[in-house]
Amino acid sequence: MLAPAFADPVRASQAVFRAVMDAMARPGAIVATGGLARAPQPLGLAAAAVALTLIDYETPVWLDPALAQSPDVAAWLRFHTGAPLTDDPRQAAFGFIADPPRMPQFETFSQGSMDYPDRAATLVLQIERLSDNGGFYLSGPGIRGSRALTATPLPADFAARMRANRALFPRGLDIILASATMLAALPRSVHVATELS
Amino acid sequence: MGNECASPANTPVTGRRAAMATLADARASEIASGLAALGDDIAHVELRPVETGLVMLQGRIGGDGAAFNLGEATVTRAVVRILSGEVGFSYVLGRDRHKARLAALCDALWQNPSSREQLERHVLAPIRDRQEGERARQRELTAATRVDFFTLVRGED
């Protein structure tokens, strides 16, 4: 059954937009998202808030098998955002992934072209635990020195994938890690290491 | 709009469309008083808060010209779900949020076969009667001032 979205769409989506913008400007920083009371399972609240804020009729959306098997998620996204859903990850402007350990390779998504690097996809990964210690050490624009970030679960070779993604710059994917109510962003400019250098 | 060909002989669609056409021209007060006969405060969830916005109206000269943007119209839309699960939609010209909500509620009730008959009798029928009466009166007033023009053909060659 179709569920409501933001109670106050204008203010809530502006607040979430601000949160995503701050997270992108400071890669790895954990920010809070609010405004949404419920989302259809298995879509997480933070991921759903990002979806309501960023996607619209011009942005094809790809759902991973865990999300695609729920008709509620597809109906909810289509009703509230008007975004077309696609089965082809290469066509997608946004990918929503509820089961990151089994996510497809980054190359399956559009990574932009040298002429139009903005045409790369943004992936929203649903994470169970997000914290600011251990795990990955991030550096690059928006980070003074380095910043620690732990996110689980992720693919085992996530750091290697992010390194390959960084090598494509200015092409490459942008990643949003969304836990239940918090999120952190890994834009394509970030360097991800597994040890403090 | 203009999708008649897409749904041939689809009576549920045409019936629903006729109901919404009636409601589009109705006053909020008469919808509300009609709905009162179906029960006080019909329980519903607003799936999307009622909101007012603009829609671009397109025109076409002579039926075969290129479409052009004629101007914008203010429209208020509402989407509600009643307890039995039907989802009602409405787009109403103007800024009457109350009317948009009531029309969406009527749309949802119309889709449920158990409340459709009551809705037709208590809400739609009185509104149709009033609209039909007003149109008939207008037709009479217009007919009374009707002038027929004749062109007399000269007998040439």
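Between the Cα long axis of helix B:97-111 and the first principal axis of chain B there is an angle of about 80°, rounded to the nearest 10.
In summary, the convex hull built on the alpha carbon positions of the stretch B:78-157 has an orientation-averaged projected area of 10.3 nm². Taking Cα atoms only, the orientation of helix A:9-25 departs from the longest principal axis of chain A by about 10 degrees. For the options A:Ala46, A:Ala184, A:Ala75, a Gaussian network treatment of chain A with springs between C-alpha atoms closer than 10 Å singles out A:Ala75 as fluctuating the most. You can think of it this way: the chain between A:Ala37 and A:Ser131 has 31.6 nm of extra reach, that is 0.36 nm per residue less the Cα-Cα gap. Ignoring solvent entirely, what values of log10 I(q)/I(0) come out of the Debye formula for chain A at 0.10, 0.14, 0.18 Å⁻¹ when each Cα is a single scatterer? So the normalised log intensities work out to -0.37, -0.75, -1.28. Using a simple spin-label model with pseudo-atoms 7 Å out from Cα toward Cβ, B:Asp40 and B:Tyr91 lie 3.6 nm apart. The calculated FRET efficiency for the pair B:Asp129 and B:Asp64, based on their C-beta separation and a Förster distance of 30 Å, comes to about 0.20. Here the gap between B:Asp25 and B:Ala136, fully extended at 0.36 nm per residue and compared with their Cα-Cα distance, gives a gain of 38.4 nm.
Convex hull volume per residue, computed on the Cα atoms of the protein assembly as shown, equals 215 Å³. Amide hydrogen proximity for A:Ala185: with H placed 1.01 Å from N in the peptide plane, the residues at 5 or more positions away or on another chain lying under 5 Å are A:Gly28, A:Ala29, A:Leu177. Can you give the calculated 222 nm mean residue ellipticity of chain B, where each DSSP H run of n ≥ 4 adds -39,500 (n - 2.57) and the sum is split over every residue, rounded to the nearest 500 deg cm²/dmol? The helix contribution divided over chain B gives -13000 deg cm²/dmol.
From its DSSP helices (H runs of at least four residues, each -39,500 (n - 2.57)), chain A gives a residue-normalised ellipticity at 222 nm of -8000 deg cm²/dmol. Each of A:Phe169, A:Phe79, B:Phe150 has some number of other Cβ atoms within 10 Å of its Cβ, and from fewest to most they run B:Phe150, A:Phe169, A:Phe79.
Going by neighbour counts of Cβ atoms within 10 Å, the residues A:Met182, A:Met103 line up, fewest first, as A:Met182, A:Met103.
The simple spin-label model puts a point 7 Å past each Cα toward its Cβ; for A:Thr108 and A:Ala193 those points are separated by 3.1 nm.
Taking trypsin sites (Lys or Arg not before Pro) as exposed when their DSSP state is a loop state and no more than 14 other Cβ atoms lie within 10 Å, the longest site-free interval of chain B runs over B:96-145.
Computed from the coordinates by the stated procedures, all read-outs in this text should not be read as laboratory data. Keep in mind it's a predicted model, so treat the numbers as computed, not measured. Here Cβ is always computed from backbone atoms with ideal geometry, including for glycine, and neighbour counts include all displayed protein chains.
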